Amino acid sequence: MTLLGRYTVTSAALAVILAVALGAFVSAQATQTALNEAAATTVQAADSLLSPYLVKGDFIHPLWPARIASLGRLLRPHLIENGIQTVRLWSRNATIVYSNNPAHIGVQMDAPPEVRRALSGRSAAAIQPGTDGQMLAVYAPVRLLGDLVPSGVYEVNLDAAPLLAQIHTSRLRAWLFALLGTALLYGSLIGLVFHASRTMLRQQTVLQTAFEGTIQALAAAIDAKDAYTGGHSAEVSQHAEAVARGLRLSPKDIDAVRIAGYLHDLGKIGIPDHILRKPGPLDPAEREQVRSHSLIGYRILRPIPVDERVKLAVLHNHEHWDGTGYPDNLSGNQIPIHARILMVADAYEAMTSTRPYRRALQPMEAVAQLRAEAGRQFDPEVVEAFIRTLRMNGEAFPRGIRGRILRHPSHLR
């Protein structure tokens, strides 16, 4: 998955989490606000309704029948008008001293949390189950003239259906705003990131094109040192890339092989021209100088920010499968796969190209040489993969051909 794809998925997950958290928070706030507003309205109505008729003595002990009847006559019209179903007065010791339901009067019980809160001077509201559905219960402190602390608490219960409908609407709006807001924010961020990503991709493409051009120009300059190797590096790069694909290497490995194909002879910049262009066999000293080109190429690339796989392929592309190559006498799988591929592609390209000291071999002759050296100079698996790529390009080679092994300077270079 691309970096933009990972960012999109991750940010989408975070946006969903944010939307849910924000929606839950705003919904809870909307619910609490609706409860507080309903409590404030009810408290105000209860204050104006009850306070004028209450005295301190009402909260000392349960009211006597005459007092209950008197309060009932006064309150009944207001209860009906305001939709109040139950009114109860609590004393400080959690005794119900008055209720419009006579069965409750004189009952002492564990005070609910809302009563204790109201006794501390703060109103409270809660949605509670009732006999006819959900009820809104409001608890408020009763402060009579001259009281420093509440004398008691009045509890008012009314039908919660209208409030619940209001809360439901508020919560829907809260969730809608949270989801839409998060979606708009997410869309804006994704748009900005996508635009920035496209810009970076264009810039990366320009840089990659420039890099490729530089590599190809450098390879052409290297090949130009020898009139007989023009285009050699480009051919090696193409063959190596095809083999890497045939071996199903990763895209990064394929790219490394392709670039290393252009640069595998980079170190020849440090080899004198008269040695590279010598028409005959090299003497031991000259041969040793040619061998040094792998290390020279690696040293040139080492400080450059190029994939390390490319550098190691340039360093080890003359290592032999049996350990007789150079510069480090690596063998088998000790040799990086990129270098093993270059070894085969370079040898094939050298054998099928004309040199001053020999004619170019036909493809089937070169294939015979590769097969003969598989397991000694070359990785057998890479050789077979290379031959498969040649066949896929429309060339077929007899399997029985064998021939002498060429050990001329082109193989060493």
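The values are calculated or read from the model by the stated rules, or taken from the named source; none is laboratory data. No experiment lies behind these values; they were computed from the predicted model shown. Cβ sites come from the backbone with ideal geometry, for glycine too, and all protein chains shown count toward neighbours.
As a summary of the residue check, ALA13 satisfies the conditions (1) farther than 30 Å from ARG73 by Cα; (2) touching a residue at least 24 places away in the same chain (Cβ under 8 Å) except for the one numbered (2).
Checking each residue in segment 360-388 for being more than 19 Å from SER331 (Cβ to Cβ) and in contact with a Phe, Trp or Tyr (Cβ under 6 Å, 6 or more places away or on another chain) picks out MET364, ALA366, VAL367.
Residue-wise test of (1) under 15 Å from LEU263 (Cβ atoms); (2) touching a Pro at 6+ places or on another chain (Cβ under 9 Å); (3) at pLDDT 95 or above.
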{"site": "VAL306", "(1), (2), (3)": "yes, no, no"}
{"site": "ALA313", "(1), (2), (3)": "yes, yes, yes"}
{"site": "GLU319", "(1), (2), (3)": "no, yes, yes"}
{"site": "GLY323", "(1), (2), (3)": "no, no, yes"}
{"site": "GLY332", "(1), (2), (3)": "no, no, yes"}
{"site": "ILE337", "(1), (2), (3)": "no, no, yes"}
{"site": "ARG340", "(1), (2), (3)": "no, no, yes"}
{"site": "VAL344", "(1), (2), (3)": "no, no, yes"}
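As for segment 113-135, it holds at least one residue that is over 23 Å from THR41 (Cβ atoms) and under 60 Å from the mean Cα position of the chain (by Cα). Inspection of segment 58-74 finds no residue satisfying the criterion of being in a helix (DSSP H, G or I) and within 57 Å of the chain's Cα centre (by Cα). Under the condition of being over 26 Å from ALA161 (Cβ atoms) and modelled with pLDDT of 85 or more, the residues counted in segment 70-92 number 2. Quick one: would you say ASP322 is assigned to a helix (DSSP H, G or I) and more than 16 Å from ARG388 (Cα to Cα)? Spelling it out, it is not the case that ASP322 is assigned to a helix (DSSP H, G or I) and more than 16 Å from ARG388 (Cα to Cα). The residue of segment 269-290 that is surrounded by the most Cβ atoms within 10 Å (Cβ to Cβ), among those that are part of a loop (DSSP other than H, G, I, E, B) and not hydrophobic (A, V, I, L, M, F, W, C), is LYS278.
For ASN101, the conditions (1) buried (at least 16 other Cβ atoms within 10 Å of the Cβ); (2) closer than 30 Å to THR31 by Cβ; (3) not aromatic (Phe, Trp, Tyr) all hold with the exception of (1).
Considering LEU50, LEU18, LEU14, which residue is buried (at least 18 other Cβ atoms within 10 Å of the Cβ) and in the same structural domain as ALA137 (by TED's automatic domain parsing)? The conditions single out LEU50.
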